[in-house]
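Some notes on the structure that comes next.
The values are calculated or read from the model by the stated rules, or taken from the named source; none is laboratory data. As the structure is a computational prediction, the values presented were derived from the model and not from experiment. Positions of Cβ are backbone-derived with ideal geometry, glycine not excepted, and every protein chain shown enters the neighbour counts. To get the accessible areas, we keep the full protein, side chains included, count just its heavy atoms, and leave off ligands, DNA and RNA. Shrake-Rupley method; radii C 1.70, N 1.55, O 1.52, S 1.80 Å.
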Amino acid sequence: MMFDDFQFSSILVSTIRNAPVLMFAAMAGLFAERSGVVDLALEGKMLAAAFVSAAVAFATKNPWLGILAGIGISVAIALLQGFVSITQKGNQLVAGIAINITLSGLTFVIAQYLFQQGGRTPDLGDARLFDIVFPGAEAVAGIPFLGWVYTKLIGGHSALVYLAFALIPVVHWVLYHTSFGLRLRAVGENPHAADAAGINVERTRFMAMLCAGVLCSFSGAYLSIVQSGFFLRDMSAGNGYLALTALVFGNWRPLHTALGCLMFGFFAALQVQIEGVVFPGIGKVPGSLIQMIPYVVTVIVLAGLMAKSVAPKAIGQPFVKSR
Amino acid sequence: MNQADLPRWATAFALPLLNLFSALLVAAGVIYLLGESPVECLGILINAAVLNPEGLGYTLFYAATFIFTGLSVSVAMQAGLFNIGSEGQMYVGGLGLTLVVLALDSSLPGWLLIPLAMLGSAAFGAAWAFLPGYLQAKRGSHVVVTTIMFNFIAASLMNYVIVSFLIPAGQQNTASRVFADAAWLPKLNGILPVLGETPLNISFVLALVALVIYGLVVWRTTWGYQLRATGLNQHAAHYAGISISKTIIITMMISGALAGLAAVNSVMGSTHYLNLNFPAGAGFIGIAIALMGRQHPLGILLSSILFGALIQGGFDLSLEKANIPPETFIFIQGLIILFCGAMENLYAPALSALLKRKEK
Amino acid sequence: ADLKFAVIYDAGGKFDKSFNQSASEGAERFKKETKLNYLEVQVASDTQTEQVLRNLARKNVDLIAAIGFGQAQAVQNIAKEFPKTKFVLIDGIATGDNVSSVLFKEQEGSYLVGVAAAIASKTKKVGFVGGMDIPLIRNFSCGYAQGAKATDAKLEVIQNMVGTTTSAWNDPAKGGELARAQFERGVDVIFAAAGGSGLGTLQAVKEKGKLGIGVDSNQNYMHPGSMLTSMVKRVDQAIYDSFMQLKNGNWKNGTQYKGLKEGGVDWALDKDNRSVVSADMEKRVNAAKQDIISGKIKVVDFREGNKCPV
Amino acid sequence: MQPAVEFQQISKRFGAVQANRDVSFSIAPGSIHGVIGENGAGKSTLMSILYGYYRADSGKLLINGAEQHIRNSQEAIKLGIGMVHQHFMLVENMTVLDNVMLGMEGGFRLKPQRHEVEAKLREICKRYSLDVDPLATIQDLSVGVQQRVEILKQIYRSANILILDEPTAVLTVQEAASLFEVLRLFKEQGKTIILITHKLQEILEITDQVTVMRAGTVIGSVATAETTTIQLAEMMVGRPIVTHLPRAAYAPGETVLDVKDLNLVNSQKVSLLKNVSFNIRAGEIVAIAGVSGNGQSELLEILSGMRLPTSGKLQMQGKDLPFAGRKDADGLPANFRELGIAHVPEDRLRDAVIKNFSVMMNSFLGYQKKLGKSFGLLDYKSILKNCTDLLAKFDVRPADPHLRIALLSGGNQQKVVMAREIAANPKLMLVGQPTRGVDIGTIESLHTRLLAMRDAGIAILLVSVELEEVRALADRILVISGGAITGELKAEEFDATEIGCLMGGIHTH
Ligand SMILES: Nc1ncnc2c1ncn2[C@@H]1O[C@H](COP(=O)(O)OP(=O)(O)OP(=O)(O)O)[C@@H](O)[C@H]1O
Ligand SMILES: Nc1ncnc2c1ncn2[C@@H]1O[C@H](COP(=O)(O)OP(=O)(O)OP(=O)(O)O)[C@@H](O)[C@H]1O
Ligand SMILES: [Mg+2]
Ligand SMILES: [Mg+2]
């Protein structure tokens, strides 16, 4: 295969498919972290939601019920995380890591107990979420550029993909144009000031965790009932941490964070495409080195372009009303 | 409501024990649901991990690795740096020692080769941590993010190096050749035959030494003072004339070196070759250990042993009980971290109330 | 007393839908036929392998099957320590009077599915999704490419690996994504050798109405009609044979290489893929099989020179 | 008439500290009530109880005659209580508008309310002559303006009982005066105001009644008209206070610090210091007077090595200060300290102490390198001894070297910092706002220390916004405005009006 072989169009479509997993999780993290709770537990919530969504979708043959159940479990875990890090004022990093480890084990154990397939659920078959084909897609498919845009780039994805992209302006709006968003930001920036203004800091943080729970569940559901069609142990595969990276990268702002997710999606897609490509002058780069691309790019971008990211000030600190 | 009202014995022992007990109670519930007797399982677990000398040997063997990764994470935390990259640093550290060993194991005696190899692992680990440290210090790039990235990069790089250069011709195991005997760490069962056939080796002793040095350096030296000052208040540290960037870079390199040294135990003490993904999460467990052990030498030691025991005991238990997959113990580890590491105040109010009532 | 048997799976685990699972099927068949039970364990690291092997040997297990190349060194060590215990090692080589090593010529089976893929492909582009860039997986892909290119020299083979960490074997989302990316580049047949991630690949294949090729055990049943075939690696047979030999008293040590000729690898043709395998294809694949067995076609083993001829 | 607020036997304890003990007094509606007391007397704690931050261990709280159990600030706000805290309670990266709205948004969508509130704010600003831009971001505002935002918040919330905890600690005289104008307007409207301050002059100026606290208890409540600052001071500290401290005759030695053409331009290309030149000689106190935010902080930072100047010649005893060729100031303060420069920074909590360290561990911050034994080990034995000595000498209360320093009151933290820097036996002492938030007893002792240092031949640079302090200490006064020195006066030429003009950037000569 030669260098000019690789296809930009395919990379773009792939980017759009790759991004939602990160986008949901990063937006979930955004709610939690803007409220001052470090969310290292994205991975765990994602995994739990992936499992429960798949299991329920399989049992009921209905992907929507699966998604609903996924929301339930993810919210439950987020609230547990809230109990530990908000009510108990425990170490938020420990809580996050503990939840990830716990769920990595627990999802396997339960999946194994229920299905006896090595921590896997059976194939969902028709209970997977279908791709939405836009009306008239067939008719325009033949038109050179527009056809591709309509049927492949913006059409032909699952509902969750559209939800993910729709979320970007919504999260932005909630954060900056509603009283909830105002309180959320205040609580994450200076909880003492918020408290003095008569805001219940703990309740606001719990609300944020609730949002984080709901959003993160979509990420898990997307993995299991859209992308894979079954649940497999540890299938979150580090995406929770990547989402967190995108969040830091995006300076805890919705639009920039989404951009970060798209960037990861893009480089993952690019990496797929240039594996095995013969570069002029360089030759074939070993696949394992190509796997590094998204990560190396992130480091370079972080070090070069957007050196200083400013976290919400109160992040990671439990709110204690004294000196 | 807070710990301050409680006597020392309560915060140092009673609360952690109550928390450990709670975690085990939840675990027992799950084991019961899986159809096994929790009491019997606990018996097997304790026997396999602690009472049986050989099992204890394995427990301590695993603990030795965790002490190093736990120290790696802890020392960075003292400077306010959350080093998630111990995993990658340990992995690359393994390469450092392997290169030394592969080059010299036919010519040097063990007493010279082993320290050299350890130096190699520390140097490579430190080098791998240098860039995240440098970028944090000079460019303000978040060390959490860069170290996560460096873990992925290490995985790719090591995959490339091992597969392309280290696998002996015609072999399919994704590992270097087996080291010559000179590079095998002396085992402790030479001195303590009761341990039986365990890979427990002198790196456990080294780990204990490292704990002591860590404690001394952090709490008793000027440098340690500067380290903690930087971690607690960078403004004040700057005011005090401490070079923040130097402290950050050096601390990250020490952290990386400690992570690199974690490779010594598993590579030179057990498998005697460098294989793909050999750290197997030990770097991440180091985070849990540092957090649970509150970055305190004794805490790190105890949580390392607890985790070693869980891995060893859990493995043996899953051998005996087909219904309990080994993953159950990942779950239990998580529970223990959650209860002991993040909910340390769970029982403080109740205990405090109880003590007050007794006083009256 | 009854003979005692044991199987040690590697980190992939008994249910990997791949060679560990195949091993367990072999042991299960043996148990059914002989009513002789066996122990089974899964190890997480190379250190544990040694521990388990020693434990089992001490419990006087007569024959221990160790699955996966990662266990080679441990088998070598423990076999020396316990000369009375017998060991059968899959995918790796250990020496000793009490050790039998079984290796498979994956390249030969892969060659056959490569031929099938080349015939089935309408776009003249076929894909390969591997778990990790390691010699074993390279050998699959190299055999596959050899078969495909031999059938049609102009045919393009596009390869991707899932990752470089252990999650590379457990990332079906990425496995699926690789498949979709390959489809967009025109691929219409994909051979997936990526453990759990490969299941995601095959799922995507089905969803997009393309053809997939399974690996290790016969995976045709997973998506009937969407599976072109599977490259079966008869680990089950190797385990079954080894157990049986011990029972019958004719157990032998030494290293065996099992290719097409020895029935160690093959392509799978059953009711589930009957509909997609044309008579012509069946004929040509079987012809290639005969040529390999007879030696007329030499399939290069990637591991020998760390190079692939195509 | 019913008192607006009545405390009955309020007690509150933190661990070993009895912050309030049986506190009882009442506050008449429509009055301005002063609360004074030494650092750590329990003033803030009492107000926090009133505002629902803490719950009293025992005692009763009556608001407008009815007993109330205020469990949190929401409930306090509902009762019409507002509080302006010692440390501003503002979200720094938000606008004034958002800060005012916070907690009182009045609907899910912000947009419609934003317009309404903005209009209302502008109107309030006009009515009370408060100059605040509702759309400015807090972190861009000077402390004086931030203070106004706090007041604005309370007006917007139409608080009827307003608590102000040391509102003037960081304000200039002018700023304080305009604050008091607003408070008088409040009073006219029948609002009740509780004012905590360490400046007795202000008590006399504006309050109707004053309550004095000491060690958690009430010493007495008196009508302001019937008392004097001297009486109040004595009630507070339990002994007479000397207001005019004795000092040796002005006899400066050789030049210690020489600053020539110092310029500082920040990353946004704003010029913060402009051609600043001056010198300080041994045995004199040179004060920099000015409204805060006019370059004083930056000047101190540069002279202590915490920040690099853009250009200029800085000499210490005839030798250049060692920063030439450096890219950043990382680690530089250590070099400056070695030359005998000690520094008491303006923001002690941020720069001068590590809150989570014990007093002892803070007692050598900055001098840690000097304390090393062999192998870089710290010599805890002598550290503990030194620390115990310092605590005794400076009367730090409680004198417990193992206490976390955050648990000391602000004044006592300041004493620890001063003690540490003085003990270093410097040649040049840089002192920023040494008595900010400190009670008068402590001010007296800190001033005595500084004068003793001067008399001992040490060069001292004092940065202070308190003209009283400048008058009490300085031998020479430099006035800074907009980053430039706008005038210089000798101690005997002290003239508050002229200094005020210079501070405003108006040259009189
Ligand atoms: N949250 C707390 N935990 C422990 N001790 C506290 C706490 N808050 C206050 N204290 C202690 O209670 C006492 C009273 O403190 P408070 O802040 O009320 O004093 P203050 O009169 O406001 O002093 P200042 O004039 O310095 O502001 C002090 O000794 C202080 O150290
Ligand atoms: N008098 C002493 N003699 C010897 N060692 C001491 C003495 N006082 C303190 N130390 C040591 O110094 C260490 C830190 O002292 P200290 O507890 O005052 O500081 P800290 O800021 O509270 O520390 P930490 O960060 O652990 O809370 C302690 O762990 C102790 O080992
Ligand atoms: Mg106060
Ligand atoms: Mg104060």
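When we screen C:Val99, C:Val157 for residues that are over 14 Å from the mean Cα position of the chain (by Cα), of a type in the set (A, V, I, L, M, F, W, C), more than 12 Å from C:Ala193 (Cβ to Cβ) and away from chain A (no Cβ under 14 Å), the only hit is C:Val99. Within the stretch A:62-69, at least one residue is open to solvent by 10 Å² or more (accessible area, probe 1.4 Å), away from every other protein chain (no Cβ under 14 Å) and of a type in the set (Gly, Ala, Ser).
For the stretch B:229-249, the candidate set comprises residues that are in contact (Cβ under 8 Å) with a residue 40 or more places away in the chain and either out of contact with any helix residue (DSSP H, G or I) (no Cβ under 7 Å at 6 or more places or on another chain) or of a type in the set (Val, Ile, Thr) (or both); within that set, the residue that is surrounded by the fewest Cβ atoms within 10 Å (Cβ to Cβ) is B:Lys246.
Filtering the stretch D:181-201 to residues that are within 16 Å of ligand 4 (Cβ to nearest atom) and either hydroxyl-bearing (Ser, Thr, Tyr) or free of Cβ contacts under 8 Å to residues at least 12 places away in the same chain (or both) leaves only D:Thr197. The lone criterion from (1) hydroxyl-bearing (Ser, Thr, Tyr); (2) near ligand 1 (Cβ under 9 Å from one of its atoms); (3) closer than 27 Å to D:Gly190 by Cβ left unmet by D:Ser31 is number (2). When the stretch A:216-267 is filtered for residues that are more than 30 Å from A:Gln112 (Cα to Cα), crowded, with 24+ Cβ neighbours inside 10 Å and among the small types (Gly, Ala, Ser), the ones remaining, listed by number, are A:Ala246, A:Ala258, A:Gly260, A:Gly265. Taken over the stretch D:344-401, the criterion of being of a type in the set (Val, Ile, Thr), surrounded by fewer than 23 Cβ atoms within 10 Å (Cβ to Cβ) and within 12 Å of chain B (Cβ to nearest Cβ) is satisfied by D:Ile383 alone. Restricted to the stretch B:158-200, and to residues there that are in a loop (DSSP other than H, G, I, E, B) and within 14 Å of chain A (Cβ to nearest Cβ), the residue that is nearest to B:Ala280 (Cα to Cα) is B:Thr174.
Total residues in the stretch D:187-217 satisfying the condition of being open to solvent by 50 Å² or more (accessible area, probe 1.4 Å), within 16 Å of ligand 1 (Cβ to nearest atom) and part of a helix (DSSP H, G or I): the figure is 0.
Scanning the stretch D:131-172 for residues that are under 20 Å from D:Pro29 (Cα atoms) and among the aliphatic types (A, V, I, L, M), which turns out farthest from ligand 2 (Cβ to nearest atom)? Checking each candidate, the answer is D:Ile155. Selection of the stretch D:198-241 for residues being closer than 23 Å to D:Glu466 by Cα and of a type in the set (Gly, Ala, Ser) yields only D:Ala233.
Filtering the stretch B:246-276 to residues that are out of contact with any Gly (no Cβ under 9 Å at 6 or more places or on another chain), more than 7 Å from chain C (Cβ to nearest Cβ), part of a helix (DSSP H, G or I) and within 29 Å of C:Ile78 (Cα to Cα) leaves B:Asn265, B:Met268, B:Gly269. Of all the residues that make up the stretch D:354-386, how many are over 31 Å from the mean Cα position of the chain (by Cα) and either modelled with pLDDT of 95 or more or within 16 Å of ligand 3 (Cβ to nearest atom) (or both)? Selection size over the stretch D:354-386: 0. Among the residues making up the stretch A:130-176, those that are surrounded by fewer than 15 Cβ atoms within 10 Å (Cβ to Cβ) and within 14 Å of chain D (Cβ to nearest Cβ) are A:Val170, A:Trp173, A:Tyr176.
Taken over the stretch D:476-501, the criterion of being modelled with pLDDT under 85 and not polar (S, T, N, Q) is satisfied by D:Ala496, D:Gly500, D:Cys501. Scanning the stretch D:163-182 for residues that are within 24 Å of D:Glu38 (Cβ to Cβ) and not aromatic (Phe, Trp, Tyr) gives D:Ile163, D:Leu164, D:Asp165, D:Glu166, D:Pro167, D:Thr168, D:Ala169, D:Val170, D:Leu171, D:Val173, D:Ala176, D:Leu179.
As a summary of the residue check, B:Pro279 satisfies the conditions (1) more than 14 Å from chain D (Cβ to nearest Cβ); (2) in contact (Cβ under 8 Å) with a residue 60 or more places away in the chain; (3) assigned to a helix (DSSP H, G or I) except for the one numbered (3). Checked against (1) farther than 30 Å from D:Asn356 by Cα; (2) modelled with pLDDT of 95 or more; (3) open to solvent by less than 40 Å² (accessible area, probe 1.4 Å), B:Leu206 passes all but condition (3).
Of all positions in the stretch A:9-22, at least one carries a residue that is assigned to a helix (DSSP H, G or I) and open to solvent by 40 Å² or more (accessible area, probe 1.4 Å). Condition check for C:Ile93 on (1) over 26 Å from A:Tyr295 (Cβ atoms); (2) open to solvent by less than 10 Å² (accessible area, probe 1.4 Å): one failure, at (2).
Every residue, every condition in (1) more than 13 Å from every other protein chain (Cβ to nearest Cβ); (2) hydrophobic (A, V, I, L, M, F, W, C); (3) within 16 Å of ligand 4 (Cβ to nearest atom), yes or no:
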| site | (1), (2), (3) |
| --- | --- |
| D:Gly40 | no, no, yes |
| D:Arg55 | no, no, no |
| D:Leu62 | yes, yes, no |
| D:Asn93 | no, no, no |
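Against the test of being more than 16 Å from ligand 3 (Cβ to nearest atom) and within 14 Å of another protein chain (Cβ to nearest Cβ), the options D:Leu183, D:Leu162, D:Leu179 yield a single qualifying residue, D:Leu162. Which members of the stretch C:32-82 meet the condition of being part of a loop (DSSP other than H, G, I, E, B), in contact with an Asp or Glu (Cβ under 7 Å, 6 or more places away or on another chain) and either free of Cβ contacts under 8 Å to residues at least 60 places away in the same chain or on the phi > 0 side of the Ramachandran plot (or both)? Correct list: C:Val43, C:Gly68. If you go through the stretch B:333-360 and keep only what is facing another protein chain (nearest Cβ under 7 Å) and part of a helix (DSSP H, G or I), you end up with B:Gln333, B:Gly334, B:Leu335, B:Ile337, B:Leu338, B:Gly341, B:Ala342. If you filter the stretch D:402-446 down to residues that are open to solvent by less than 20 Å² (accessible area, probe 1.4 Å) and of a type in the set (Ser, Thr, Tyr), you find that the one that is nearest to ligand 2 (Cβ to nearest atom) is D:Ser409. Per the conditions (1) more than 14 Å from chain D (Cβ to nearest Cβ); (2) within 30 Å of A:Thr245 (Cβ to Cβ), the sole criterion not satisfied by B:Met77 is (1).
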